Amino acid sequence: MAIADDLKKTLTDPTPLYFAAGTADLAVQQAKKVPALIEQLRAEAPARIEAVKNTDPKAVQEAVTAKVTEVFGSIDPKKLGETAQDLALRGVGVAAEYAVRAKETYDKVAEHGEQAVRAWRGEVADEIVDIAGAVEPEPAQDPAPAQEPEPAQAAAAEQPAAKKPAARRSTAKKAAATPGDES
């Protein structure tokens, strides 16, 4: 029944659907930028290729080796345990921060998706209601003073309304159904 419960929750909470719509809309917006990026890369490619060709591989290897030696040389085996514990605590804090940021981003994308869905549907219902309220005047109320009813009207108002008699069923079908009763 977990699937049914999830489905009910999804039907009552449209946020995941709005998130999906927002993601799709943002993806379309980013995809529109791709042709310009391709042209930029196409223009920069020859210069980048020349820079790589002119790089000395031995110099790169020496720089990487020096950096690795420096990092491994700075590790103190005695402090390694304390450093690992500190890193673990920092990792928990960073994970919690990322979880909060993820929730905020999720909500923003879902809100964007809701707006995108409204735009796709052409819904501006809230604006229409506001405009209709501004254009349509309030119903005018009768400012006439209340007069005391005449005694006959007051007595009629106090008595409950008489019930109408219930409609009778037609006996035409019965007569047609029993051919022996022709009198």
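All of the numbers you see were taken from the coordinates with simple rules; none came from a lab. What you see is a predicted model; the values in this text were computed from it and never measured. Note that each Cβ is placed from the backbone with ideal geometry, even for glycine, and that neighbours are counted across all protein chains shown.
Things to note:
- Between GLN85 and ALA47, the contour length at 0.36 nm per residue exceeds the Cα-Cα span by 9.1 nm.
- Note on VAL68 and VAL92: with the Förster distance fixed at 30 Å, the Cβ-Cβ geometry gives a FRET efficiency of about 0.55.
- Couplings 3J(HN,Hα) of the range 41-51, computed from phi: 5, 4, 6, 8, 4, x, 5, 5, 5, 5, 5 Hz, in residue order, whole Hz [Karplus 6.51 cos²θ - 1.76 cosθ + 1.60, θ = phi - 60°; x for Gly and Pro].
- Label-point separation in nm, THR105 to ASP56, each point 7 Å along Cα→Cβ: 4.2
- Entries in LYS8/LYS108; LYS58/LYS78; LYS9/LYS103 that, when Cα-Cα distance is taken, lie over 25 Å: LYS58/LYS78
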